[in-house]
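The next block holds one structure in the form of structure tokens; read it before the comments.
The values are calculated or read from the model by the stated rules, or taken from the named source; none is laboratory data. Note that this is a predicted model, so its numbers are computed, not measured. Quick reminder, even Gly has a Cβ in these numbers, built from the backbone with ideal geometry, and neighbours come from all protein chains shown. Heavy atoms of the whole protein, side chains included, go into the accessibility calculation; ligands, DNA and RNA do not. Shrake-Rupley method; radii C 1.70, N 1.55, O 1.52, S 1.80 Å.
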Amino acid sequence: MENKFVIEVSGVNRIFSVPGGEFQALKDINTKVPCGSLAILRGRSGSGKTTLMNIIGALDDPTSGSVKIDGTEVGKLSGRERENVRRREMGFVFQAVSLIPTMNAFQNVEFSMRLAGIKAGRERDKRVEECLKLVGLGNRMQHMPAEMSGGEQQRVAIARAFAHRPKLILADEPTAELDSAMAARVTRLFHEMTRKEHVTILMTTHDVGLMDAGDMIIELESGRQVLHDQEV
């Protein structure tokens with residue numbers, strides 16, 4: 001039976017040791033993100049967004065509490081099992097695009113599929129083409145990153161993130177370096193992906209014009225939730 005929620009965060013606290021004492025970055029976070037939705041994680045700088053994203057992405061552990069990804073409690077997995085979850089069940093889109101400069105658009109997307117363990121063949125090539133066409137780059141597949149605009153590079157990064165059909169994409173400030181028109185286009189693309197690909201997306205943003213663009217909002221302030229799973 002398919003899980004109703006891809007992300008389930010229960011009682012998560014994160015405390016860091018700092019000179020002179022401790023700093024609590026997250027305070028009793030409880031949230032669920034339904035399958036196939038675009039969730040916006042918002043809050044000012046220092047609110048705990050990145051800390052929460054790192055914990056959900058199995059890159060960090062909570063001090064207490066638990067995180068389930070598609071029903072699996074991440075904290076109970078070994079390091080190798082976590083790596084497999086990140087490679088196969090998740091996709092990542094960052095503010096810095098980080099495409100491999102010596103690979104063209106097609107090769108960059110294909111590389112992510114190789115990391116996910118998807119074997120070479122016509123089906124893999126077909127999937128790469130399908131993903132690049134979905135982000136509007138069907139005619140730019142052979143272009144190198146240096147030959148593409150910032151918006152085009154970010155769309156390659158998005159295609160790379162969902163090519164291996166992950167259950168969850170974590171997008172950390174993916175529109176921060178884009179102009180408002182391209183940022184809106186990328187957000188519409190995320191919406192389209194949740195419908196066509198049935199993928200769940202958690203996206204952080206500082207852009208006030210995009211903060212109400214998701215299916216739901218999670219808002220943090222000083223490490224606490226101030227808006228809880230508010231559907232928009």
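Ranking 32, 196 by solvent-accessible area of protein heavy atoms (1.4 Å probe, all protein chains present), from largest to smallest, gives 196, 32. A Cα-only calculation for the range 1-129 places Rg and Dmax at 17.3, 58 Å. Probing with 1.4 Å while keeping every protein chain in the model, the per residue accessible area of the chain equals 49 Å². Think of the range 96-232 as having a plus end and a minus end, set by charges on the Cβ of Lys, Arg, Asp and Glu; of 118, 158, 171, 118 sits farthest toward the positive end of this dipole.
Summarised as an ellipsoid, the chain has semi-axes of 29, 20, 17 Å, derived from the eigenvalues of the Cα gyration tensor scaled by 5 and square-rooted, with the largest first. In this structure, the amide hydrogen of residue 42, modeled 1.01 Å from its nitrogen in the peptide plane, lies closer than 5 angstrom to those of 218, 219, 220, counting only residues at least 5 positions away or on a different chain. Counting heavy atoms of the protein chains alone, residue 35 has an accessible area of about 50 Å² for a 1.4 Å probe.
What translational diffusion coefficient, in µm²/s and rounded to a whole number, does the Stokes-Einstein relation yield for the range 90-222 at 4 °C and a viscosity of 1.567 mPa s, taking the hydrodynamic radius as the Kirkwood radius over Cα pairs? Once the numbers are plugged in, D ends up at 87 µm²/s.
For the chain, the dipole from Cβ point charges (+1 on Lys and Arg, -1 on Asp and Glu) about the Cα centre works out to 700 debye, to the nearest 20. Distance between the pseudo-spin-label points of residue 144 and residue 115 (7 Å out from Cα toward the beta carbon): 2.1 nm.
What angle, in degrees between 0 and 90 and rounded to the nearest 10, separates the Cα long axis of helix 180-196 from the longest principal axis of the Cα atoms of the chain? Between helix and principal axis, roughly 90 degrees.
The lysines whose alpha-carbon is closer than 25 Å to the alpha-carbon of residue 32, local same-chain residues fewer than 8 away aside, are 4, 49, 68, 76, 167, 196. Against the chain, whose longest principal axis comes from its Cα atoms, helix 150-162 is set at around 80 degrees. Overall, the accessible surface of the chain at a probe of 1.4 angstrom is composed of carbon and sulfur to the extent of 48 percent.
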